[in-house]
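First comes the structure, then the notes that go with it.
The values are calculated or read from the model by the stated rules, or taken from the named source; none is laboratory data. Everything numeric here is computed off the predicted structure, so don't read it as measured data. Every residue, glycine as well, gets a Cβ built from its backbone with ideal geometry; the counts of neighbours run over all protein chains shown.
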């Protein structure tokens, strides 16, 4: 944290430390359905500082995308409820904003890129024009200035022959080029926060690495904070400094990437790490986490992971564990925390020592 | 596919379509009972006269020879001589066609101007009162018989209230508008006569409203369902996530994509209006191709009936071509492919 704040320079370290850019506090979110209420988010806590790149990982259906869509307020209005919780962006609760107010936030202060580069751009509008329209929506610029800026952005995303590409339609671009265009569009108004929902999942592996490196570089240059949603722990290890692991609508573990991946404290995180196949082991059986993500219509009581957990105790089925934090502060000022009863048992004062210097 | 090759391909298709259409109409018109030569000269004419007429019009020749002659004529835009009017069929059709087209275009314009916004409104306000009303109207529109609606409207607005004219294209006592294009609205403006223009427009109200009644519902339904589909697509979400305004989202991003399937429906409707003019033109005594062909059928005027059929079939092919051209303008993915 301290080094990062020093790099930022212009903003005071106190402001950064006292007020995260984005803070999701105890967010509960439910979808009323015909069969009952789906409790998609069950008290999600997240915090992200200016310029920070954080990962949000978990299996499909654990609530990663719902959290992101809730922050952007892109979920269909009237089809969901937020019984509890706040989404603070620069100290202001986004849930209190009306649709018009959100329109000014979206694209300008928070933007988002999605998984499907094939379908996420309008097939009937030229790529450059789509980017220019975003610029024109938020800034008082002429059409030609916005168009020129769009081409500049594409060039910045290392798209060769950017002027020509700006005049092409999305179907004339490759998947990687489309995703670069999406990033260009998302960064066009220099937002403070970029939410990237599985931005490289649909791309092939070599392109994935390029696009991720580009995304990281451009965001670091601009000091744009990134919330990177992925199920790929390898991506998290490469790109992020912070990580939050979600399971069935809860954040179960959070902390600096190095700590969390090296010594996971929540059995779910540990199991997730176990599933990564090691390279060059031909005859190895792929490991899986037994069972599957529970139905959020009837989630298990207590810790939602207990039915699949090898270390589950009777208490896990009754009481929901709070987050236990490590007693030591790691490099950068962050602490490692996990919501698991095992951590309380290990040490009387609900914590543990770690962070080798 | 470039527009040039599209046109060439459609022209080749037109030849095939016309061959099929003329063959079927020709065969059908020659197996129905009745003797056109006898119809022409009347019941009291002598057998010799009938035989002479038959020879004169080539009706004594074997069927395949008659068909060959007809096709040969068609290649020179010669559709034969009408038995009823004694004029070349092509001249008759050219006289009556503008009236039909004028009515068809007015009613389509009305249906597009009302139906598309209604569909958009209905999709954006899905499952609200507006949506339910518009959907109810759509079902009502599609299931109302045209002849019944036409007669009821005549009864009310012409018969009872007397506020709208019930027949013809223009007041017969208004000053003659010289024919240039055959479209009264255009010709009256060319002449500089606003009074005639107003009168012609006045006469268009009832028949074009009646003809568009169904299409408003058809277009609204089509636009509604494609808008709902498009509004759920990923690129609309992207646009929203980038703070694009609701207005631009609906009209620039969604509607353009939703119009692609709608154009097909509009094209089909124009085709139907040309062929289906028979009913409305009869009810509103509209002097167009529909009235002309109804009179010709009563007279067993085969050249006229054939000519009408050929005309309508050609119209269908041309409209399909226009629809395809509209596709390439609306959807860049179609351009450059094929």
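A few comments on the model shown:
- Any hit, segment A:65-75, residues being facing chain B (nearest Cβ under 8 Å) and either surrounded by 15 or more Cβ atoms within 10 Å (Cβ to Cβ) or in a helix (DSSP H, G or I) (or both): yes
- Enumeration of residues in segment A:137-152 that are within 13 Å of chain B (Cβ to nearest Cβ) and more than 21 Å from residue B:246 (Cβ to Cβ): A:150
- Residue check for residue A:335: over 25 Å from residue A:38 (Cα atoms), part of a loop (DSSP other than H, G, I, E, B) and either modelled with pLDDT of 85 or more or more than 23 Å from the chain's Cα centre (by Cα) (or both): no
- Condition check for residue B:80: touching a strand residue (DSSP E or B) at 6+ places or on another chain (Cβ under 9 Å) and either more than 18 Å from residue B:28 (Cβ to Cβ) or crowded, with 18+ Cβ neighbours inside 10 Å (or both): yes
- Screening the candidates B:305, B:319, B:297 for the property of being free of Cβ contacts under 8 Å to residues at least 24 places away in the same chain, assigned to a helix (DSSP H, G or I) and away from chain A (no Cβ under 14 Å) yields one hit, B:297.
- Count of segment B:215-243 residues which are more than 8 Å from chain A (Cβ to nearest Cβ) and part of a loop (DSSP other than H, G, I, E, B): 1
- When segment A:185-195 is filtered for residues that are more than 11 Å from chain B (Cβ to nearest Cβ) and either in contact with a helix residue (DSSP H, G or I) (Cβ under 7 Å, 6 or more places away or on another chain) or not in a strand (DSSP E or B) (or both), the ones remaining, listed by number, are A:190, A:192.
- With respect to the conditions (1) within 27 Å of the chain's Cα centre (by Cα); (2) surrounded by 15 or more Cβ atoms within 10 Å (Cβ to Cβ), residue B:50 falls short on a single one, namely (1).
- Only one entry in A:102, A:112 is within 7 Å of chain B (Cβ to nearest Cβ) and touching a residue at least 12 places away in the same chain (Cβ under 8 Å), namely A:112.
- For segment B:169-191, the set of residues classified as part of a loop (DSSP other than H, G, I, E, B), within 20 Å of residue B:281 (Cβ to Cβ) and touching a helix residue (DSSP H, G or I) at 6+ places or on another chain (Cβ under 8 Å) consists of B:169, B:170, B:171, B:177, B:179, B:181, B:182, B:183, listed by residue number.
- When residues of segment A:236-249 are limited to those that are assigned to a helix (DSSP H, G or I) and in contact with a strand residue (DSSP E or B) (Cβ under 7 Å, 6 or more places away or on another chain), the one surrounded by the most Cβ atoms within 10 Å (Cβ to Cβ): A:236
- Which numbered condition residue A:37 misses (of (1) part of a loop (DSSP other than H, G, I, E, B); (2) surrounded by fewer than 20 Cβ atoms within 10 Å (Cβ to Cβ)): (1)
- Considering segment A:153-171, and only residues there that are over 23 Å from residue A:217 (Cβ atoms) and assigned to a helix (DSSP H, G or I), the residue that is farthest from the other protein chains (Cβ to nearest Cβ) turns out to be A:164.
- Residues of segment B:244-259 that are buried (at least 22 other Cβ atoms within 10 Å of the Cβ) and within 7 Å of chain A (Cβ to nearest Cβ): B:244, B:253, B:257.
- Residue B:278 in contact (Cβ under 8 Å) with a residue 60 or more places away in the chain, surrounded by 17 or more Cβ atoms within 10 Å (Cβ to Cβ) and more than 14 Å from every other protein chain (Cβ to nearest Cβ): no
- Here residue A:119 qualifies as within 11 Å of another protein chain (Cβ to nearest Cβ), in contact with a helix residue (DSSP H, G or I) (Cβ under 6 Å, 6 or more places away or on another chain) and without any contact (Cβ under 8 Å) to a residue 12 or more places away in the chain.
- Conditions (1) on the phi < 0 side of the Ramachandran plot; (2) in a loop (DSSP other than H, G, I, E, B); number of the one not met by residue B:159: (2)
- Lone qualifier among A:179, A:210, A:130 - being under 21 Å from the mean Cα position of the chain (by Cα), crowded, with 21+ Cβ neighbours inside 10 Å and not in a loop (DSSP other than H, G, I, E, B): A:179
- Looking only at segment A:76-96, and only at residues there that are assigned to a helix (DSSP H, G or I) and more than 14 Å from every other protein chain (Cβ to nearest Cβ), the one that is farthest from residue A:296 (Cα to Cα): A:96
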